[in-house]
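A.B. asks: Handing you this structure, nothing more for now.
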Amino acid sequence: MTRKVTWHIQQNTTMPRVISILDFFKYGGTDLEELANLCQVKSTVLKGVIFPFLRNIEILSKTSPTQLTEEGHIAADIQQIAPDFLGDFFHLQIYNLHHQDSLARFSWVYATIVQQLWLRKEVILSSEEKKRIVSEVISTASMKFALPENEIAFSGSSLTGVLNWLRSLSTSVLESDSNSERFCLRYFCPAPIFLKAVDAVYQQDSKTYGTKIFLREEIKNRICQMLLLDSSGLDNSLDDAKRTYNYDQGGCFDWGYQGGYGQWVMLTKSPEWRDLI
């Protein structure tokens, strides 16, 4: 059977509901009607809308009975130990998934919108601006995947789903502004989140851990886009990451400058979330 390609990011999967689901399965819950009540949705929405999305982002198992995957257990541990980082965990999970799964078009859409917002730096998300973003996504997807625009099932409600996740970031990028929301970039990113973004570059570019990655403009932009980080905040985030996970003190991260090549970063291994927090 041909796998269905999904562009839409539904808006029912909110962070409070995700937290309820993580806690429910972490502590052995089995009554899905009880869980639906906790999430304040009908059980049909829970099982037919929210669960499928959490399966798509590898948080819930695709087997029966439903349970947390390894990534799901990591998310549950983050929620328990360092809840401020949970939003960024999901953000990076959704943002990077299409690099491992080419059919995860919703992940590509999510990353594309994040990149569009990064280029805007600061913008009022008026209804007109949201329509503009939706139109840009459809046009870009049509060109990239050689599909007619009417086959790209993405709408304003899909954009609402994206914004749900961006609202959960620990350093806020969305704030209320009169009758709309205002988006603005972050100027600092906590060390654990920064390291996971650098790790994503190592994996996507098949780089060997322990070798330096030189921060050419394209690499800098990729990291800053992934983190919704203003370029001016990169050095402070680098410094904080080095203080926290300093290679010279037994940690896994380093950065510096090399004559003729410029600025570089280095990870000695792929850092595990549980170790970082």
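A.B. asks: How big is the dipole moment of the chain about its Cα centre under a simple scheme where the beta carbon of each Lys and Arg is +1, that of each Asp and Glu is -1, and everything else is neutral? Debye, nearest 20, please.
C.D. replies: My answer is approximately 580 debye.
A.B. asks: Can you work out ³J(HN,Hα) from phi for every residue in segment 93-107, in order, using Karplus 6.51 cos²θ - 1.76 cosθ + 1.60 and θ = phi - 60°, giving whole Hz and x for Gly and Pro?
C.D. replies: 4, 6, 4, 9, 4, 5, 6, 9, 10, 5, 8, 7, 5, 4, 5
A.B. asks: About the Cα centre of segment 139-191, what is the dipole size in debye to 20, counting +1 per Lys and Arg Cβ and -1 per Asp and Glu Cβ, all else neutral?
C.D. replies: Dipole of segment 139-191, to the nearest 20 debye: 200 debye.
A.B. asks: May I ask you to compute the full-extension gain from M143 to S231, defined as 0.36 nm times their residue separation minus their alpha-carbon distance, rounded to one decimal in nm?
C.D. replies: So the chain would gain 28.9 nm between M143 and S231.
A.B. asks: OK, next. Hand me the trypsin sites (Lys or Arg not before Pro) from segment 22-75 located in a DSSP loop with no more than 12 other Cβ atoms within 10 Å, in residue order please.
C.D. replies: Working: sites: K26, K42, K47, R55, K62; in loops: K42, K62.
Here the sparse-neighbourhood loop sites are K62.
A.B. asks: Also, I was wondering about something else. Could you give the angle, 0 to 90 degrees to the nearest 10, between helix 217-227's Cα long axis and the longest principal axis of the Cα atoms of the chain?
C.D. replies: 40
A.B. asks: Then there's this: Once Kirkwood radius over Cα pairs in Å is worked out from the coordinates, which option in [x] 22.3; [y] 19.9; [z] 19.1 does it equal?
C.D. replies: [y]
A.B. asks: Here's a follow-up. Output wanted: per-residue J couplings in Hz (rounded whole) for segment 249-266, from phi through Karplus 6.51 cos²θ - 1.76 cosθ + 1.60, θ = phi - 60°, x for Gly and Pro.
C.D. replies: 10, x, x, 10, 10, 8, 8, x, 10, 10, x, x, 10, x, 6, 9, 10, 8
A.B. asks: Using a 1.4 angstrom probe, figure out how much accessible area segment 142-277 has per residue, in square angstrom, rounded to the nearest whole.
C.D. replies: On the way: 6410 Å² over 136 residues.
Value returned for segment 142-277: 47 Å² of accessible area per residue.
A.B. asks: Quick one: longest stretch of the chain between exposed loop chymotrypsin sites (Phe, Trp or Tyr not before Pro), exposed meaning at most 16 other C-beta atoms within 10 Å and loop per DSSP? If you can, show how the numbers build up before the last one.
C.D. replies: Numbers: sites that count: Y27, Y187, F188, Y209, Y261.
Answer from the scan: 28-186.
A.B. asks: Within straight cross-link reach of K144, meaning Cα distance under 19 Å, which aspartates and glutamates are found once same-chain residues fewer than 8 apart are removed?
C.D. replies: Excluding near neighbours in sequence, the set is D101, E136.
A.B. asks: Once the dipole of the chain is set up with Lys and Arg at +1 and Asp and Glu at -1 on Cβ about the Cα centre, which of V5, V114, L68 lies farthest towards its positive end?
C.D. replies: Selected residue: V5.
A.B. asks: Would you work out if segment 223-276 is rounded, prolate or oblate? Take a ≥ b ≥ c from the square roots of the eigenvalues of the alpha-carbon gyration tensor; rounded if a/c is under 1.5, else prolate when a/b is larger than b/c, oblate otherwise.
C.D. replies: oblate
A.B. asks: If the elastic network links every pair of Cα atoms under 10 Å, which of T112, T171, T66 fluctuates the most in the Gaussian network model of the chain?
C.D. replies: Highest fluctuation among the options: T66.
A.B. asks: Scan around L60 for amide H atoms under 5 Å from its own, H built in the peptide plane at 1.01 Å from N, and keep only partners 5 or more places away or cross-chain.
C.D. replies: R55, T69
A.B. asks: For the chain, what does -39500 (n - 2.57) per DSSP helix run (n ≥ 4), summed and divided by total residues, give at 222 nm, in deg cm²/dmol to the nearest 500?
C.D. replies: About -15500 deg cm²/dmol.
A.B. asks: For helix 70-81, what angle does its Cα long axis make with the longest principal axis of the chain, in degrees from 0 to 90 and rounded to 10?
C.D. replies: Relative to the chain, helix 70-81 is tipped by roughly 80 degrees.
A.B. asks: So, R0 is 30 Å and r is the distance between the beta-carbons of S157 and E71; what FRET efficiency does that work out to, to 0.05?
C.D. replies: 0.70
A.B. asks: Using a ≥ b ≥ c from the Cα gyration tensor of segment 85-199 (square roots of the eigenvalues), is it rounded, prolate or oblate, where a/c under 1.5 gives rounded and otherwise the larger of a/b and b/c decides, a/b for prolate?
C.D. replies: Oblate, because a/c is 1.5 or more while a/b does not exceed b/c.
A.B. asks: Now a separate question. If each of T211 and K47 carries a label point 7 Å out from its Cα toward its Cβ, how far apart are those two points in nm?
C.D. replies: It is 5.0 nm.
A.B. asks: Once you order the gyration tensor axes a ≥ b ≥ c over the Cα atoms, which shape class does segment 1-108 get: rounded for a/c under 1.5, otherwise prolate or oblate by comparing a/b with b/c? Mind dumping the intermediate values first?
C.D. replies: Working: a/c = 1.66, a/b = 1.21, b/c = 1.37.
It is oblate, given that a/c is not under 1.5 and a/b is not larger than b/c.
A.B. asks: Using a simple charge model, +1 on the beta-carbon of Lys and Arg, -1 on the beta-carbon of Asp and Glu, nothing else, what dipole does segment 65-157 show about its Cα centre, in debye to the nearest 20?
C.D. replies: So the magnitude is around 400 debye.
The values are calculated or read from the model by the stated rules, or taken from the named source; none is laboratory data. Keep in mind that what you see is a predicted model, and the values were worked out from it rather than measured. Cβ atoms come from the backbone with ideal geometry, glycine included; neighbour counts cover every protein chain shown. Side chains included, ligands, DNA and RNA excluded: accessible areas come from the protein's heavy atoms. Shrake-Rupley method; radii C 1.70, N 1.55, O 1.52, S 1.80 Å.
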